[in-house]
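**Student:** Sending over a structure as structure tokens; questions will come in a sec.
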Amino acid sequence: MKTTQIILAALFSAASLHAASLPESTKIDSLLKQEWEKNKVTPNAPATDTVLVRRLYLDIAGRIPTVEESQEFVNSKATDKRAQLIDKLLNSDGYTSNMFNYWADILRLTDNTKGRTAAEAYAEYVKRCLKENKPYDQFVRDLITSEGGVWDTGAIGFYMRDDNKLDHLAYTVQVFLGTSIVCAQCHNHPFDKWSQKDYYGMAAYTYGMDTKGTALAETKGKGAAGKGGAAVKGMTKEERRKFIAAHQAERDKAEEEQKSKGITSEDLAMVKNSLKDIAKPLRYTIAKWSDNKLPTLPSDYKYPDAKAGQTIQPKTLFGHEAVAAEGQTRLNAFANWMAAPDNPRFTTVIANRMWKKTFGLGLIEPVDEMTDSTTPSNGELMEYLNQLMVEQKYSLKNFQRILYNTETYQRTANVKEVPLGETYHFAGPILRRMSAEQVWDSMVTLAKGNVDGETSEENEQLHTYLGDMKLLVDTMQDKGIMGLAEIAKRSNDGTDKTAVLAKMDDLRKQSLAAQNAGDKEKGKQLAAQAEKLRRQGANDLVTAMIGDDRAREMRQNYGGKKGGKNKGAEVDKEALMALSKEERKLAIKMGTTLSLNHRASEISSPAKPGHFLRTFGQSDRELISNSNDEASVPQALALLNGPASEVLNNPLSKLHQALNAAPTTDEKLEALYLAFFSRKPTECEKAVIAQVVAERGDKAVADVTHALLTGSQFLFIQ
Amino acid sequence: MTPPAVSSSPRLPRLASVFPCSAGSARELSEPPLKVPLKPNKSTARNVIYLYMSGGMSHLDTFGVVPGADTMGPTQVLKTSADGVQISENLPLTAKYMHHGVILNSMTSTQGAHAQGNYFQHTSYTLRGATKHPTMGAWLTKFQGKSNPSLPGSVVITGDSKHPGAGFFEAAVAPLVVNNPAAGLQNSHKLAALTEDDLNYRISLSGKLDTAFQSAYEYKGVKSYSDVYSEAVKVMKSDDLVAFDITKEPDLMHDLYGGDSFGQGCLLARRLVEHGVRHVEVSLGGWDTHQDNFVRVPEKCAILDQALAALLGDLDRRGMLNDTMVVLASEFGRTPKINERNGRDHYPKAFTSVIWGGGVKGGQVYGKTDKGIEVTENKLTPPDLNATIAYALGLPLDQVIYSSSKRPFTVADKGQPITSIF
């Protein structure tokens, strides 16, 4: 018992409160003080600089500080140094990276999806908005009203994320309005007041967004045959008749044009065939809005308030109606209704989310299952936070700055867990386990130092690719299919394309015949030859349309982004040159095992199952906020036996170099504690370590490093 | 952290007396399966090896043959070890084991896209809304717990990262995903540069240096980190860890199953089942044959045939086929009509699954189609197939489990088991 007291005293050695006096922060503190007095709660002691510097770096920049960073803060004599650090971190690229991970979990960002280009453009878009600190209400409105090609805006990724627009609406309402209506998609909500008809009324706002089209469908003159199927679906008989008649006229005109230009039907077949081949990269790249498309109730609709198959008009769940102004679509009306201070839930949801992000627990829990009977744990505070969010014009940076500058945030973390269902009066922040990304980014910090600067909201490779794509789509739209046939003819280098086409068909027939006759090998060869001819044909056309270089890029399809993506371990050449031959060998050998070079936001996201990040609970991005912070055996195995400890002991790692530079064992171990915990070892810890040094000699430093890495302390934000 | 259990250094106890560590016994990793005792039906199978053909396996060119039909294209049929049961010539080795198998010839689904079809086949629920549903391995562990506490309840061997896994169930019942069967269980062996003593020393030291933090904070999450390290050490020392190590198999066995990832995965599946992992899934991709179906299907079949026949023969010889059900499934079949590229497109309307062992009466074909186009007898949906597997495992088909959003779900979503094939 006595030891524990000593330890506690060491951990929480006296510190005083010197939060900056932002009036809004003071107001929050005074509201909490009332709450403490009312409930006879003693607030937690003020946190020390060493505890706070690590917490602020993790909470704002998403990683532990380097030794230099934490020491600079601790040694600073400035009276407003905490406010200064908060400002510095909020303006760092680390903030963008950390907030990106936070939103990626909520918005379910994934590049493990059909429209890879759209997914990456969306991720980049979100990063840019965070870096610019785009007001949150504007961000939401921009997402909801986004449409066009992926080359126009990455925001369409919001809609591209879900094929099913009914599902997408449920996600949207849950994320931005903190309301779960998903049950009502199939039947009246069993625990809330929403009816199935309410659901369809809400869904009617976004139902007109089509994400299944392809840029190819935009090609002029592709005719009714090309896009008829999808277009005709959902039309009334009358509309369908008109549509078909209009397209007949178009087709007649096309035939005339074809004749006048001397284009044969074989030419057109060739072009269509070629377009098929470049269709793949052009799929899932367009979100197209049509204002007249509305949902109909399903065929098994069973309530008396409406009939199965009935078309449902848009209607909001709560608040006033969303009426489109002159010249607006109902999508604009919906966005304006949702992201407005007078929406009953929009502001509360984001204010509560930010509170939870800062203090570890929401005033309303869970954050996205609000009902009419939901009451916050501190109503007055919630009301004030709502007011503050509006006053700050939905600037999440400003809002967080106020929270970080409260005295309450700067107190020690609660030493006891808040039992489920019990009201917490915020005597201080909650102890939290780092998110998977924070664990990863902290390990990167140990290995590489501060690499926040590489957080990139500009993905050049993606933009080059999108540029090529846009040129291709523009050319197709501009020329129409006749024009493309002309280009194809012009690009003809003398080979007779019709003959090529015929040969291809012939090869296919022969292949089938060979297989029918039982000659598998021959069948296979012939099929491969036919495929080669087809590819060649497509390549020629694309080359003729957008030039050789660009065509080559398009053909290779979009391979994925920049930076650490899919890269193996990189070795810093300069650092390598500074090493001895032996060290170099070791470094190269070890550097290939785990690539602790890039922040989590800059590598494949989400990482594959089995990756360090996923092992520590990174979301698979299938469900909203699906990350978890539970301990698991694979985590323990990863730190015990995985390459992490070796990478940190690798001669190239920043940690190793710092330890090397420290002249004595004592100083080495002190450096180690500073790197892991931003503090020096306590007297008790020193005693343990002294014994390790005595027992293990040269092995002591590596032993302690590995022991600290595998302890729980490293993984928590105190 | 509980160093006494793992310490091997004679000098450490002295330290321990100076810095008493919180005495914590290793808690059960997984929560107890279910509090309410269940009355399951009598099971016919103890284990399931679920072979998933990703991409949509052509039924007509594999197990759903219709001899003489024009929809067959160039694919010929073979007689098998079961009277009157024929399968495609692409599967000559498997043909020898059809006396153990039941061809489910009348599968039909409403899901014609890959992700949706795959999800439906795995969970019995359609992919919609904000609920992620559990897969069979997770249901099995949830209902019946682990059979070997030092191994995961179920394992999925796949390169794909979209397996629905535990769905809304807790992480403790989630299947463990193995990407590379040859590599086995990730990080389960100590680093080569460390001796056994080094590692033990570090583990023990870690516990000591963590004591202050562990005792300062009363949080479940903090405590559980000391627990998982104890568990991890148990796993490392467990005799059952060899279950993951297929290098322990003789060369002959590797040759028999095939050196590709699917064959190696099937070999690993057999080892895992032997050691008490009760549900193992192995996936084989590349069945999406929109073009050159009659070249690509035989290529895929060559891999499938070797591994599947090896697995069935191996299980049979070891006397394991009676209580191990081998299931072959795919998201949908492929169009009976051959397209202009000699391919077949997605076709959920009629397709085929197969079950071997696990208590089924082998040598049957269940259900009929009209030339692979329409199901004409004994229609079966993916929930029906899953209900059949769950029935064989003795899982309660009507036991409702609520998701965290308080919505009710059952294993196989009211699918009807085909009891007549047992």
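**Student:** Which members of the stretch A:382-406 meet the condition of being open to solvent by 20 Å² or more (accessible area, probe 1.4 Å) and more than 20 Å from A:THR96 (Cβ to Cβ)?
**Tutor:** Correct list: A:GLU383, A:TYR384, A:ASN386, A:GLN387, A:VAL390, A:GLU391.
**Student:** Please indicate, with yes or no, whether at least one residue in the stretch B:237-259 is assigned to a loop (DSSP other than H, G, I, E, B), hydrophobic (A, V, I, L, M, F, W, C) and either open to solvent by 60 Å² or more (accessible area, probe 1.4 Å) or at the interface with chain A (Cβ under 10 Å from one of its Cβ atoms) (or both).
**Tutor:** Taking every residue of the stretch B:237-259 in turn, none turns out to be assigned to a loop (DSSP other than H, G, I, E, B), hydrophobic (A, V, I, L, M, F, W, C) and either open to solvent by 60 Å² or more (accessible area, probe 1.4 Å) or at the interface with chain A (Cβ under 10 Å from one of its Cβ atoms) (or both).
**Student:** On the basis of being modelled with pLDDT of 95 or more, outside any loop (DSSP other than H, G, I, E, B) and out of contact with any helix residue (DSSP H, G or I) (no Cβ under 8 Å at 6 or more places or on another chain), does A:LYS88 make the cut?
**Tutor:** yes
**Student:** Among (1) assigned to a helix (DSSP H, G or I); (2) surrounded by fewer than 24 Cβ atoms within 10 Å (Cβ to Cβ), where does A:ASN628 come up short?
**Tutor:** (1)
**Student:** Here's another thing I want to ask about it. Aliphatic (A, V, I, L, M), touching a Lys or Arg at 6+ places or on another chain (Cβ under 9 Å) and either in contact (Cβ under 8 Å) with a residue 40 or more places away in the chain or surrounded by fewer than 18 Cβ atoms within 10 Å (Cβ to Cβ) (or both) - does that describe any residue in the stretch B:278-292?
**Tutor:** Within the stretch B:278-292 (the criterion being aliphatic (A, V, I, L, M), touching a Lys or Arg at 6+ places or on another chain (Cβ under 9 Å) and either in contact (Cβ under 8 Å) with a residue 40 or more places away in the chain or surrounded by fewer than 18 Cβ atoms within 10 Å (Cβ to Cβ) (or both)), the answer is yes, since at least one residue qualifies.
**Student:** Now for a separate question. For B:GLY24, work out the one condition from (1) at pLDDT 50 or above; (2) surrounded by 14 or more Cβ atoms within 10 Å (Cβ to Cβ); (3) more than 30 Å from B:VAL295 (Cα to Cα); (4) not aliphatic (A, V, I, L, M) it doesn't fulfil.
**Tutor:** Only one criterion in (1) at pLDDT 50 or above; (2) surrounded by 14 or more Cβ atoms within 10 Å (Cβ to Cβ); (3) more than 30 Å from B:VAL295 (Cα to Cα); (4) not aliphatic (A, V, I, L, M) is unmet by B:GLY24, namely (1).
**Student:** While we're looking at this one, here's another question. Can you confirm whether B:ASP316 is open to solvent by 20 Å² or more (accessible area, probe 1.4 Å) and under 15 Å from B:LEU60 (Cα atoms)?
**Tutor:** For B:ASP316, the condition - open to solvent by 20 Å² or more (accessible area, probe 1.4 Å) and under 15 Å from B:LEU60 (Cα atoms) - is not met.
**Student:** Also, I was wondering about something else. If we keep just the residues of the stretch B:162-206 that are open to solvent by less than 30 Å² (accessible area, probe 1.4 Å) and of a type in the set (S, T, N, Q), which is farthest from the other protein chains (Cβ to nearest Cβ)?
**Tutor:** Checked the stretch B:162-206; the qualifying residue farthest from the other protein chains (Cβ to nearest Cβ) is B:ASN200.
**Student:** Being among the acidic types (Asp, Glu) and over 19 Å from A:LYS193 (Cβ atoms) is the filter; apply it to the stretch A:280-323 and report the residue that is most open to solvent (accessible area, probe 1.4 Å). Let's see the steps before the verdict.
**Tutor:** Filtering the stretch A:280-323 down to residues among the acidic types (Asp, Glu) leaves A:291, A:300, A:305, A:321.
With over 19 Å from A:LYS193 (Cβ atoms) added as a condition, the list becomes A:291, A:300.
Numbers: A:ASP291: 77, A:ASP300: 106 Å².
Filtering first and then ranking leaves A:ASP300.
**Student:** Further question on the same structure: Looking at the stretch A:519-527, is at least one residue within 14 Å of chain B (Cβ to nearest Cβ), modelled with pLDDT under 75 and over 30 Å from A:GLY453 (Cβ atoms)?
**Tutor:** So far as the stretch A:519-527 goes, no, none of its residues is within 14 Å of chain B (Cβ to nearest Cβ), modelled with pLDDT under 75 and over 30 Å from A:GLY453 (Cβ atoms).
**Student:** Of B:SER154, B:SER147, B:SER215, which residue is at negative phi and open to solvent by less than 10 Å² (accessible area, probe 1.4 Å)?
**Tutor:** That would be B:SER154, the only listed residue that is at negative phi and open to solvent by less than 10 Å² (accessible area, probe 1.4 Å).
**Student:** I need the full set of residues from the stretch A:161-188 which are in contact with a Phe, Trp or Tyr (Cβ under 8 Å, 6 or more places away or on another chain) and either more than 8 Å from every other protein chain (Cβ to nearest Cβ) or among the basic types (Lys, Arg) (or both), in order please.
**Tutor:** Correct list: A:ARG161, A:ASP162, A:LYS165, A:HIS168, A:LEU169, A:PHE176, A:LEU177, A:ILE181, A:ALA184, A:ASN188.
**Student:** Say we look at the stretch B:203-222 and pick out the residues that are small (Gly, Ala, Ser) and without any contact (Cβ under 8 Å) to a residue 40 or more places away in the chain; which of these is farthest from A:LEU669 (Cα to Cα)?
**Tutor:** B:GLY221
**Student:** Taking the stretch A:89-112, which residues are open to solvent by less than 20 Å² (accessible area, probe 1.4 Å) and of a type in the set (S, T, N, Q)?
**Tutor:** The answer is A:THR96, A:SER97, A:ASN98, A:ASN101, A:THR110.
**Student:** Counting residues that are closer than 30 Å to A:SER456 by Cβ and not small (Gly, Ala, Ser), which helices (runs of 4 or more DSSP H) fully inside the stretch A:109-217 reach at least 2?
**Tutor:** Where helices (runs of 4 or more DSSP H) fall fully within the stretch A:109-217 and carry at least 2 residues being closer than 30 Å to A:SER456 by Cβ and not small (Gly, Ala, Ser), they are A:116-132, A:136-144, A:157-160, A:165-177.
**Student:** Give the number of residues within the stretch B:301-337 that are assigned to a loop (DSSP other than H, G, I, E, B) and among the hydrophobic types (A, V, I, L, M, F, W, C).
**Tutor:** Selection size over the stretch B:301-337: 3.
The values are calculated or read from the model by the stated rules, or taken from the named source; none is laboratory data. Note that the structure is predicted; figures quoted are calculated from it, not measured. Using ideal geometry, Cβ is built from the backbone for each residue, glycine included, and neighbour counts are taken over all protein chains shown. When the accessible area is computed, the model is the full protein with side chains, heavy atoms only, and any ligands, DNA or RNA have been set aside. Shrake-Rupley method; radii C 1.70, N 1.55, O 1.52, S 1.80 Å.
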